[in-house]
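Working notes for the structure below.
The values are calculated or read from the model by the stated rules, or taken from the named source; none is laboratory data. None of the values given here were measured: they were computed from a predicted structure. Note that each Cβ is placed from the backbone with ideal geometry, even for glycine, and that neighbours are counted across all protein chains shown.
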Amino acid sequence: MPEPDFKGRLRRNEQARQQLFAANENRHKAILARQTPRRPRPRTGSRGGSQQSDAGKSTLTAVVVLVLVVFLGNATGIIKHDDSKGSSSSSAPKAGNDGTSDGQKLLAEAVKFDNKAYVWGGGHPPTEAIVSKGVDCSGLVSVSVLRAFGINDDHLAEGFRRSKYWKPIDMKDARPGDIVYRLIATHGGDTDHVAFVAKNNGPNDLRTFEAYGSNGIPYDEQVGYKNRKYKSFTGALRFKR
């Protein structure tokens, strides 16, 4: 019988052992790789760059929201535009904070003199006017302006057409609190009388509130309402602040 090849068998055993060791080592590395947590992905840019990016996103969002608000506001009528400049509506009475027009405030002060005496020169100056003592036609207007708005616009009848606080309007547009005036030849072609408009129903039905009288103080002349026609007056004025 041939002798056993012990050396060859040892060599083959050593090779098998090394292969088994290598396989175990590779398997161990694979297991470790699966168990090791992944490192977080690094952020791009510095902290300051990230903050700037966030700020940019916020700004863009705000712009988009603003555009949507304006668009929806115009579409639904929430946002109102002031088109009064250059339009005919600019002659409308100015509204106060409580929704009352300046004219209505003036008339409310004037009617406090209802049924009081007409007194020539009464109400001048308006700072010293006393209701119980009466007023004349221009004094009634001056006192009402002072008490309604704190403006001392003291004039005789002809002065209101030249005052910066009164602007001319068409008689047909006259509303409560506006004033109407009369030009008369015997008064040098200038204004000799003014009256508040209380109601305007047309050329033949103009209701006024005025202090009326002439040449003295007859007992039957007083402050109060009268029914007039447009032709009784020359023009109309509206108070403006």
Inset, instruction - Restrict the check to region 223-240 and report whether at least one residue is among the basic types (Lys, Arg), touching a Phe, Trp or Tyr at 6+ places or on another chain (Cβ under 8 Å), part of a strand (DSSP E or B) and in contact (Cβ under 8 Å) with a residue 60 or more places away in the chain. - result: yes
Inset, instruction - State the number of residues belonging to region 122-153 that are among the acidic types (Asp, Glu), within 21 Å of residue 102 (Cβ to Cβ) and surrounded by 20 or more Cβ atoms within 10 Å (Cβ to Cβ). - result: 0
Legend entry - Within region 214-228, considering residues that are charged (D, E, K, R) and at pLDDT 85 or above, the one nearest to residue 114 (Cα to Cα): 226
Inset, instruction - Would you be able to say whether some residue in region 138-160 is in a loop (DSSP other than H, G, I, E, B), under 18 Å from residue 222 (Cβ atoms) and in contact (Cβ under 8 Å) with a residue 40 or more places away in the chain? - result: no
Legend entry - Tally, over region 91-131, of residues that are modelled with pLDDT under 60 and farther than 14 Å from residue 175 by Cα: 4
Inset, instruction - Please tell me if residue 182 is modelled with pLDDT of 95 or more, assigned to a strand (DSSP E or B) and either under 38 Å from the mean Cα position of the chain (by Cα) or crowded, with 17+ Cβ neighbours inside 10 Å (or both). - result: no
Inset, instruction - Would you mind stating whether residue 194 is within 20 Å of residue 114 (Cβ to Cβ) and in a helix (DSSP H, G or I)? - result: no
